[in-house]
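Beneath this line is the structure, given in structure tokens, with notes to follow.
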Amino acid sequence: MSWNKIWKKQKEKTNQLRKDPTIAFRSNLSPGAIGYIKKLAANKQKSNFINQAVEMRYFLVTNKKQFLKQILQEDYDLCRFLLRKIGNEK
């Protein structure tokens, strides 16, 4: 047995050299949204929620018509109700 062995922690690669770099960002969210994200973090679902939100935003920006069509198909009853409500107000 060797008592003089020194265990060195391997240095992690920098973010630029990683295959999938870590992405960090700052946001200015309302207290309600921050509370919701903290609740998701307790259930370990925060990353999945943020990834879905970013993908939805990208889809909205790049292909707005297809995005709206998909939303209308998924929530047809709610969209119909809201459109009637807007029409009655006008």
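The values are calculated or read from the model by the stated rules, or taken from the named source; none is laboratory data. In this text the structure is predicted, and so the values were computed from the model without any measurement. Virtual Cβ from ideal backbone geometry, glycine too; neighbours counted across all protein chains shown.
Laid out as a table, the results:
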quantity	calculated
Residue count, the stretch 45-66 (criterion: over 26 Å from R26 (Cβ atoms) and assigned to a helix (DSSP H, G or I))	3
Identity of the residue in the stretch 54-80, surrounded by 11 or more Cβ atoms within 10 Å (Cβ to Cβ) and aliphatic (A, V, I, L, M), that ends up farthest from E12 (Cα to Cα)	L78
Neighbours by Cβ (under 6 Å, 6+ apart or cross-chain): first from the stretch 1-27, assigned to a loop (DSSP other than H, G, I, E, B); second modelled with pLDDT under 70	P21/N15; T22/N15
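Table: residues versus (1) within 22 Å of I71 (Cα to Cα); (2) not hydroxyl-bearing (S, T, Y).
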{"residue": "K19", "(1), (2)": "no, yes"}
{"residue": "A24", "(1), (2)": "no, yes"}
{"residue": "S27", "(1), (2)": "no, no"}
{"residue": "I34", "(1), (2)": "no, yes"}
{"residue": "L40", "(1), (2)": "no, yes"}
{"residue": "N43", "(1), (2)": "no, yes"}
{"residue": "Q52", "(1), (2)": "yes, yes"}
{"residue": "M56", "(1), (2)": "yes, yes"}
